[in-house]
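This report concerns only the one structure given below.
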Amino acid sequence: MQPEAIFANNEMSLSDTQVMGFDYDYTLATYTPALHELIFDLGKTNLVTKVKYPSDILDFKYDRSFAVRGLHFDTQKGLLMKIDSFHNIQLGTVYRGLKPLEDEEVKRLYGGTHISLDYMNTFYGKGPMHQMIDLFAIPEISLISQITEYFNQNGIAYDPEYVFYDIRNAVQDIHNSGLLHQKIMDNLDLYLEKVQETKVLLQKLREEGKALFLITNSGFPFVNAGLAHMLGPDWRDLFDIVIVGARKPKFFHAGSRPFRLYDHDKGRNAWGRVTNLEKGQVYQQGNLYQLRQMTGWFGPQVLYFGDHVYSDLADPSLRYGWRTGAIIPELETEIQLQNGADYKAAVRWLVMLQHLIEEMQHQQSPESKQVIEEWVKERDQIRVFTKSVFNPSFGSLFRTYHNPTYFFRRLARFADIYTSSLTNLLHYPSDYTFYPHRVVLPHEPSPYQTPLKGSLGPSGLRS
């Protein structure tokens, strides 16, 4: 599998795309790992200086290897975990602080492994289970885990909900105050990767006649500094429309906030009503309804790229029929790991073991049952190995031992295509069609499997 490939959840042809839009952070802008360490350090400093957490926290070091994106934190029980697409907890991935919980303890706390919809904090529920969905959340997870561990080790009583919101607010404050943006602008070479191919891609798209636009929640001074660093001072010439401070996801579903012209030369907002959107200008806030009315950009002719599955992709896809592309930087590393010979051999044997267990479980003799038990033990050992290949604590971003993760379920629902980097588009011609793989449904025959003679199929019928 090619790490730089683009993968399809839904059939989509680039020839049908007339307009392409982009988020800024982690889409046009690619950050170095140093950014997460900066967020961690600024967050812990905020907690100590503003919220009066113990000063020992200043000695904490960011561990970039501990967490993955898409985990859930239970603010009621103070537990971090990975959940699959069916709302089941993946056993072996539940942590209180930095310590894993035993499987039986997890089952006791949750009455099994299933998390009800009402318990989830999502579109439908307002429960205590929060998903840490974006890339900026990874240092937040590290802070939560290390502070929880510190409190547990030192016998300090705490309410995990207050700790969660203290940390979330401390991290959010460095965004809202402008401190994080200023630190990045002060050292762009340290925090921002200068990807030369990004400008090549945008120029190529313009030459093909595509209209290009930018919609970002970040402010103009920050975006201007980053794009000037990456693309040159004339970067605005590459875009037909530039919208900053967009307030996503409200931009997509709250239709009353008008656009406001931003005078980028004077660094201030204009006061006049915006009645049309012009190339070369910069606009703030606004809403998708007015964007559609002023541009005539509708439905599947628009392809919008972003890294945040909810804020960037959900509403454009579900409400307005835009085609959507998710930028998932972790994908490249995961594909490189799964291309390893040991991993591929383990997965092949894991699939075979699962098939053997399924086909032979009708055997009732003591000898047969013993063999099946051994197969199950071996299967579980391989599952632990395949998990540890990606991350010893939480495994892959995209799957649990067997099922897709909750993160991937949302990704598959809201993104027509996904890839590790925006510049991977350079590998594809302008008329390329992305085709999703045919998924074999449980009731459909697999072209790769032949039932063992005399065995029972999934329905219990003898083959």
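The values are calculated or read from the model by the stated rules, or taken from the named source; none is laboratory data. These numbers come from a predicted model, not from an experiment. With ideal geometry, Cβ positions are generated from the backbone for all residues, glycine too; neighbour counts draw on all protein chains shown. Areas reflect the complete protein model, heavy atoms only, side chains present, ligands, DNA and RNA absent. Shrake-Rupley method; radii C 1.70, N 1.55, O 1.52, S 1.80 Å.
Scan region 157-166 and tell me whether some residue there is open to solvent by 60 Å² or more (accessible area, probe 1.4 Å), modelled with pLDDT of 95 or more and closer than 29 Å to residue 262 by Cβ.
Scanning region 157-166 turns up no residue that is open to solvent by 60 Å² or more (accessible area, probe 1.4 Å), modelled with pLDDT of 95 or more and closer than 29 Å to residue 262 by Cβ.
Could you look through region 314-352, keep only residues that are of a type in the set (Phe, Trp, Tyr) and open to solvent by less than 60 Å² (accessible area, probe 1.4 Å), and pick out the one that is nearest to the chain's Cα centre (by Cα)? Steps first, please.
As a first pass, look at region 314-352 and keep what is of a type in the set (Phe, Trp, Tyr): 320, 322, 343, 349.
This time we only want the ones that are open to solvent by less than 60 Å² (accessible area, probe 1.4 Å), so: 320, 322, 343.
Working: 320: 22, 322: 19, 343: 23 Å.
If we take residues in region 314-352 being of a type in the set (Phe, Trp, Tyr) and open to solvent by less than 60 Å² (accessible area, probe 1.4 Å), then 322 is nearest to the chain's Cα centre (by Cα).
Looking at region 115-162 only, could you name the residues that are part of a helix (DSSP H, G or I) and of a type in the set (Ser, Thr, Tyr)?
Initial filter on region 115-162 (part of a helix (DSSP H, G or I)): 117-119, 137-153, 160-162.
Hits for region 115-162 are 119, 142, 145, 148, 150, 162.
Evaluate region 378-385: report whether one residue or more is open to solvent by 20 Å² or more (accessible area, probe 1.4 Å) and without any contact (Cβ under 8 Å) to a residue 12 or more places away in the chain.
yes
Give region 241-264 a look and list any residue that's free of Cβ contacts under 8 Å to residues at least 40 places away in the same chain and charged (D, E, K, R), or say none.
From region 241-264, those free of Cβ contacts under 8 Å to residues at least 40 places away in the same chain are 247, 250-251, 254-261, 263; that's our starting set.
Selection gives 247, 250, 257, 260, 263.
I'd like to verify a number: residues in region 50-84 that are out of contact with any Leu (no Cβ under 9 Å at 6 or more places or on another chain), of a type in the set (Ser, Thr, Tyr) and either open to solvent by 40 Å² or more (accessible area, probe 1.4 Å) or farther than 30 Å from residue 402 by Cβ (or both), how many?
2
Within region 102-118, how many residues turn out to be at pLDDT 95 or above, at negative phi and open to solvent by 10 Å² or more (accessible area, probe 1.4 Å)? First the steps, then the outcome.
Taking region 102-118 as the starting set, the residues that turn out to be at pLDDT 95 or above are 102-115.
Now narrow it down to the ones that are at negative phi: 102-110, 113-115.
With open to solvent by 10 Å² or more (accessible area, probe 1.4 Å) added as a condition, the list becomes 102-105, 107-110, 113-114.
Total meeting the criteria: 10.
Which of (1) touching a residue at least 60 places away in the same chain (Cβ under 8 Å); (2) in a loop (DSSP other than H, G, I, E, B) is the odd one out, the single condition residue 52 does not satisfy?
Here residue 52 clears every test but (1).
When residue 177 is evaluated against the numbered criteria (1) over 19 Å from residue 128 (Cα atoms); (2) open to solvent by less than 40 Å² (accessible area, probe 1.4 Å), which criterion, by number, is the only one it fails?
(2)
Under 9 Å by Cβ, and 6 or more places apart or on different chains, what pairs join a residue from region 297-321 that is of a type in the set (S, T, N, Q) with one that is open to solvent by 10 Å² or more (accessible area, probe 1.4 Å) and part of a strand (DSSP E or B)?
301/323; 317/323
Taking the conditions exactly as written (open to solvent by less than 20 Å² (accessible area, probe 1.4 Å), among the aromatic types (Phe, Trp, Tyr) and over 26 Å from residue 393 (Cβ atoms)), does residue 213 satisfy them or not?
Values: open to solvent by less than 20 Å² (accessible area, probe 1.4 Å): yes; among the aromatic types (Phe, Trp, Tyr): yes; over 26 Å from residue 393 (Cβ atoms): yes.
Answer is yes for this residue.
Taking residue 426 as the residue in question, decide whether it is modelled with pLDDT of 95 or more, of a type outside the set (Gly, Ala, Ser) and buried (at least 20 other Cβ atoms within 10 Å of the Cβ). If you could, list the steps in order and put the result at the bottom.
Working: modelled with pLDDT of 95 or more: yes; of a type outside the set (Gly, Ala, Ser): yes; buried (at least 20 other Cβ atoms within 10 Å of the Cβ): no.
In short, no.
Could you grab me the full set of residues in region 247-294 that are closer than 17 Å to residue 211 by Cβ, in a loop (DSSP other than H, G, I, E, B) and open to solvent by 50 Å² or more (accessible area, probe 1.4 Å)?
Selection gives 276, 278, 279, 281.
May I ask you to list the residues in region 189-210 that are open to solvent by less than 40 Å² (accessible area, probe 1.4 Å), more than 14 Å from residue 28 (Cβ to Cβ) and either in contact with a helix residue (DSSP H, G or I) (Cβ under 7 Å, 6 or more places away or on another chain) or at pLDDT below 95 (or both)? Let's see the steps before the verdict.
Narrowing region 189-210 to residues open to solvent by less than 40 Å² (accessible area, probe 1.4 Å): 191-192, 195, 198, 201-202, 205, 210.
Among the residues that remain, those that are also more than 14 Å from residue 28 (Cβ to Cβ) are: 191, 210.
Once the filter is applied, which keeps residues that are open to solvent by less than 40 Å² (accessible area, probe 1.4 Å), more than 14 Å from residue 28 (Cβ to Cβ) and either in contact with a helix residue (DSSP H, G or I) (Cβ under 7 Å, 6 or more places away or on another chain) or at pLDDT below 95 (or both), region 189-210 yields only 191.
Just for region 11-49: of the residues that are in a loop (DSSP other than H, G, I, E, B) and open to solvent by 60 Å² or more (accessible area, probe 1.4 Å), which one is farthest from residue 140 (Cα to Cα)?
First, the residues of region 11-49 that are in a loop (DSSP other than H, G, I, E, B): 11, 17-18, 23-24, 26-28, 32-33.
Filter again for open to solvent by 60 Å² or more (accessible area, probe 1.4 Å), leaving 11, 18, 33.
On the way: 11: 36, 18: 38, 33: 14 Å.
Filtering first and then ranking leaves 18.
Return the residues of region 431-453 that are at pLDDT below 95 and either hydroxyl-bearing (Ser, Thr, Tyr) or on the phi > 0 side of the Ramachandran plot (or both); say none if nothing qualifies.
If the condition is that a residue be at pLDDT below 95 and either hydroxyl-bearing (Ser, Thr, Tyr) or on the phi > 0 side of the Ramachandran plot (or both), then 446, 448, 450 are the ones that fit.
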